[in-house]
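Contents: one structure, followed by commentary.
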């Protein structure tokens, strides 16, 4: 191929800044390799302890008395399933993904399904508490929501929640792949070119709507209505009323503090994938680091759920005390049985043994 002098175009003010450069994020990966395993380990240990207690107590009682008890059990199960995915993501952050495509797809889908399910169940708990208070004050059970949120249809509500969460997990199940990103592999969702921008952004927006905005809206409406109803209680119930109101404020406040930053970053990244809002490498690094920190903060809600929701407005506290009391009584009964058995053996040795020592012959009870 012949190249003439005319084929070259010289620019008098040429600089290498005219060419886009690759944004190197080795420092962000190093931060994630240290920060994420620590945060995930803390969430795993604390969350396993609290949610396992919830499942154990309700499994011991077998029969759940209220819809809130049922929702709390499903919430604890969803939290546990979500927490079980954290060791995989901690290993991915520290060393890269080494478990293959199948495990990558399953873990990614499980994470999305259970995270969304937790948020939707929080909305169900808020709505059920509001309806329970409304029934207690007015006795009216003829409304549509009153009929739906009953023990008869409880399994249908839980099935709808899990189905909606599973539908949001299907894209992760389909598109998650193991991508080689030197010097290691990563498990992430790889969308086809036709939906790389708009499709991915639409899915993330739907996750924000169902996983944050809808539960937040339900919680605010229900708890504000409950607060207004509690204002009308008699004066002698003022102490209990303000205690309940403080708890409601804490529940909403913790939800906002843990979930709002993560969903704001997630929404901004969805918009960036469509409109290319981030054009500077430094800004992109800050956004990636913010996503890591805020997602870890959002996961702490799995650890706080047993504290916030099982001891407030439900019979879990009473169930726990009964289980603890029976456990203590059972231990005492077994200890007394062992002591009685030991005493009986000692008595038999005292009176039946002719070759016993002087110390054994003078043994007394």
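Some observations on this one:
- Computed E for residue 249/residue 163 - FRET, C-beta separation, R0 41 angstrom, nearest 0.05: 0.80
- Between residue 275 and residue 197, residue separation times 0.36 nm minus the direct Cα-Cα distance comes to 27.2 nm.
- The range 24-312 - percent relative contact order, Cα under 8 Å, separation 6 or more: 25 percent
- Peptide packing: for 204-215, 113-124, the average count of neighbouring Cβ atoms within 10 Å per residue gives the ranking 113-124, 204-215, highest mean first.
- Footprinting exposure proxy ranking of 147, 269, 184, 129, fewest other C-beta atoms within 10 angstrom first, gives 147, 184, 269, 129.
- Applying 1/(1 + (r/R0)^6) with r as the Cβ-Cβ distance of residue 264 and residue 332 and R0 = 35 angstrom yields a FRET efficiency of 0.05.
- Sorted on the mean count of surrounding Cβ atoms within 10 Å across their residues, most packed first, peptides 42-54, 73-85 read 73-85, 42-54.
- Taking 20 Å as the cut-off, the amide N atoms of the range 160-188 that come nearer than this to a point 7 Å along the Cα-to-beta-carbon line of residue 148 belong to 160-168.
- The order of the peptides 271-278, 172-179 by mean Cβ neighbours within 10 Å, most packed first, is 172-179, 271-278.
- Residue-span extension gain [residue 33 to residue 99] - 0.36 nm each, minus C-alpha spacing: 22.0 nm
- Length gained on full extension, residue 231 to residue 339: 33.2 nm, using 0.36 nm per residue less the C-alpha separation.
- Relative to its Kirkwood radius, the Cα radius of gyration of the range 24-312 gives an Rg/Rh of 1.01.
Any read-out appearing in this document is the output of simple, stated calculations on the displayed coordinates, not a laboratory observation. Note that the coordinates shown come from a computational prediction; the quantities given were computed from them, not determined experimentally. Neighbour counts run over all protein chains shown; Cβ positions are idealised from the backbone, glycine included.
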